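To start, the structure under review is shown below, and the notes come after it.
Readers should treat all values here as calculations from the given coordinates under stated rules, not as data from a laboratory. Note that the structure is a prediction, hence the values are computed from the model and not measured. Don't worry about glycine lacking a Cβ; one is built from the backbone with ideal geometry, like all the others, and counts go over all protein chains shown.
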Amino acid sequence: MEETVLLSIVIIVVLGIFSQWLAWRIQWPSIVIMSVAGLLIGPVFEFINPENALDELYSPIISLAVAVILFEGSSSLNFREVKDISKSVFRVVTLGAFIAWIGGALAAHFIAGLSLPVSFIIGGLFIVTGPTVINPLLRQAKLKPRSATVLKWEGIILDPAGPLLALFAYQITKVITDDNLQTNYLLNFFAGSLMAVAIGLLIGLLVSRMVRKGLFPEFLKSPIVLSFVLLCFSISEVVMHETGMLAVTVMGLTMARTKKYIASIGNVSHFVENISVILTSTVFVLLTASLTRDTIMDVFTLPIIGFVLFMLFIVRPLSIWISTIGTELKAPEKTLIGWIAPRGIVALTVSGYFAGLLQEDGFTDASTLMTLTFALVFITVCAHGFTLEPLAKKLHIANAEQDGILIVGANHFSTDFAEHCKSLDIPVMIIDSTYGRLMPAKNKGINTFNGEILSEHTQLEANLTPYEYIVAMTDAPAYNALIGQSFAPEFGFNNTFSLPSDGMNKRNSDISPAVKANILFDEDASPSNLNQKIREGYTFETIETAKKQTVKKADFAKKGIVLFIRKKNNGITFITARSKKLQLEQGDQVVMLVNDNK
């Protein structure tokens, strides 16, 4: 038995992470791959039934995972993001949520055939979207900031609000249907909710203060914060069931407000973000693998399909268009937001909880709640996952430009390099803390930003969305290394580069292979050497490939320094010190720094 549980857990975790990787490789929505993986090992081939294998641990594991995911989402929020769109966000999470609740309840009653009490309970739950499904989609679609911010904040705020709304509807149902209960029963519910807010606020302030005073050693800071998150969730759940999500969300929002005072909180955020990715992958596979074949087959009945379609094409668009009347959102943005509302982990887990409660109270139709919820989750995840990016491009609210290059450090070489990239229609921006060094680039019409890249203020003010690659080209090797370390979590290790230091080739044996992999061009391409070559008259040249071939880097190096390959699909492959061969396709362009005098 113990071996079976161990094997089940390992398979689910590995399969969840592999699903994320596969989704990245084939550019599919990760949630779709994770759902399919769970269905295959669960109800389709019946290799694993996680609910049976984990038994009593099943629900607590999912609940704690959702708590960490919610904390990560809320603590990563930036309140400056909503400075110009706070009206839209407020309307969507209040009036929009109310319209979605009523519309979903009516659809559940008149289309899915549920009783009114059950319909209003599940209608409250179905207002959730949540960071587990929204964040992966936003990362892939690269929406413009305003639309992305509304969707992100809606997910974070409504994820805990949905279960509370469903719980509120359940309490009202009990008061109406049970003559033995008094109205003070509802007062206890509101008191429990306020207690959850207080718990989250107090623990958030306490942890922030302890971190600010340096009471935790650096190596224990992230684990201790994570422990407080779990403690916050558990205490609130003990006070009143289903309020733990509200408590950790408030704790995350509280700590998000203190980030500007505590620089090291950013390191904690990276740790929690990594944990959140693992948990999201694992829990989604866990839930879908626990479904039964009967549940899957029931999805294809006419009432269930009709309910989902009504939610997609009537309830969601109406709730957004009505609630955002008179706001700063434009019609294309309302259209996109009115379509995108995938449901996820919270809807699946909480609907199972209410299905059990309602059946105990005598509502026999509550047995279909899991089928209804799974249908809504899976169909919305697939429909919105595959349509978000193309719809955003069609509506012109996605960053449709080619992936750009962010250059840190203005000098002769970086300015001319940026100018050549611009001539190839590659988005490029140079950031430097000294205004005078940016003047030559500004005079050439290159996009620039004067500020310290490592400063949070600069990261907030500069629009970094169009840039897929970050290249440190300053003449300070330690500073370049710090930039790489700071931005690798955001841009990805393979998209973070820096120039080598002077004399690097003389101490080549001391360079870590991992670091060397992201050293640009070759060991001699230090900032001083490259700037000297520009002064000597070296120029940039683009060579188009006539056929598919593999060429040694050394063959190109006879003419000059190979910088990068601009692929025919507009992707960019930077040449690093570790590169030995160039894999070229017909139509690829090789960009080089050459000496025309030779």
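Can you pick out the pairs among Lys422/Lys568; Lys442/Lys558; Lys422/Lys442; Lys393/Lys442; Lys334/Lys422 whose Cα atoms lie more than 22 Å from each other? Numbers along the way, then the final one.
On the way: Lys422/Lys568 17 Å; Lys442/Lys558 33 Å; Lys422/Lys442 13 Å; Lys393/Lys442 30 Å; Lys334/Lys422 33 Å.
In this structure, Lys442/Lys558; Lys393/Lys442; Lys334/Lys422 exceed 22 Å between Cα atoms.
Any chance you could run the full-extension gain for Leu482 through Asn184? It's 0.36 nm times the residue separation minus the Cα-Cα distance, nm to one decimal. Intermediate values should be presented prior to the final figure.
Details: separation 298, 0.36 × 298 = 107.28 nm, distance 5.80 nm.
So the chain would gain 101.5 nm between Leu482 and Asn184.
Considering the options Trp28, Phe417, Leu582, tell which one lies farthest towards the positive end of the dipole of the chain, charges being +1 on Lys and Arg and -1 on Asp and Glu at the Cβ, about the Cα centre.
Phe417
Which value, in debye to the nearest 20, describes the size of the charge dipole of the chain about its Cα centre when Lys and Arg Cβ atoms bear +1, Asp and Glu Cβ atoms bear -1, and nothing else is charged?
On the way: 47 positive and 49 negative charges, 431 e Å.
Value, rounded to 20: 2060 debye.
Okay, helix-only estimate at 222 nm for the chain: each DSSP H run of n ≥ 4 adds -39500 (n - 2.57), divide by all residues, round to 500 deg cm²/dmol; what do you get?
Numbers: 26 runs with 356 residues, N = 598.
Value at 222 nm, helices only, nearest 500: -19000 deg cm²/dmol.
Relative to the longest principal axis of the chain, what angle (0 to 90°, nearest 10) does the C-alpha long axis of helix 2-26 take?
The angle comes out near 50 degrees.
Taking the Cα centre of the stretch 404-594 as the origin, how large is its charge dipole in debye, to the nearest 20, when only Lys and Arg (+1) and Asp and Glu (-1) carry charge on their Cβ atoms? List each step's numbers first, then the result.
On the way: 21 positive and 21 negative charges, 164 e Å.
It works out to roughly 780 debye.
Per 0.36 nm of contour for each residue apart, how much would the distance between Leu357 and Leu302 grow if the chain were fully extended, relative to their Cα-Cα spacing?
Values: separation 55, 0.36 × 55 = 19.80 nm, distance 2.61 nm.
The span from Leu357 to Leu302 would gain 17.2 nm if fully extended.
Among Leu395, Val551, Ala488, whose Cα lies farthest out toward the positive end of the dipole of the chain, if unit charges sit on the beta carbon of Lys, Arg (+1) and Asp, Glu (-1)?
Checked the options; the winner is Val551.
Name the long-range amide H neighbours of Thr448: under 5 Å, sequence gap of 5 or more, or other chain; modelled H, no Pro or chain starts.
When sequence neighbours closer than 5 places are left aside, the close amide H contacts are Ile430.
Below 8 Å between Cα atoms, with a sequence gap of 6+, how large is the relative contact order for the stretch 2-394 in percent?
29 percent
From Cα pairs below 8 angstrom and at least 6 apart in sequence, can you work out the relative contact order of the stretch 188-256, rounded to a whole percent?
Details: 69 pairs, mean separation 35.6, N = 69.
The value is 52 percent.
With semi-axes √(5λ) of the Cα gyration tensor in Å in mind, check (1) 37, 30, 23; (2) 35, 27, 25; (3) 49, 25, 24 and report the label derived from this structure.
Read-out taken from this structure: (3).
Tilt of helix 265-289 relative to the longest C-alpha principal axis of the chain, in degrees (0 to 90, nearest 10)?
That helix lies at roughly 50 degrees to the long axis.
Starting from the 7 Å offset along Cα-to-Cβ, what nm value, one decimal, do you get for the label separation of Leu201 and Phe45?
5.2 nm
Any idea how far the Cα center of the stretch 280-351 sits from the one of the stretch 529-598, in Å?
48 Å
Filter Lys152/Lys221; Lys87/Lys142; Lys394/Lys548; Lys144/Lys580 down to the pairs with a C-alpha to C-alpha distance above 30 Å, please.
Details: Lys152/Lys221 27 Å; Lys87/Lys142 23 Å; Lys394/Lys548 33 Å; Lys144/Lys580 38 Å.
Lys394/Lys548; Lys144/Lys580, as the Cα separations exceed 30 Å there.
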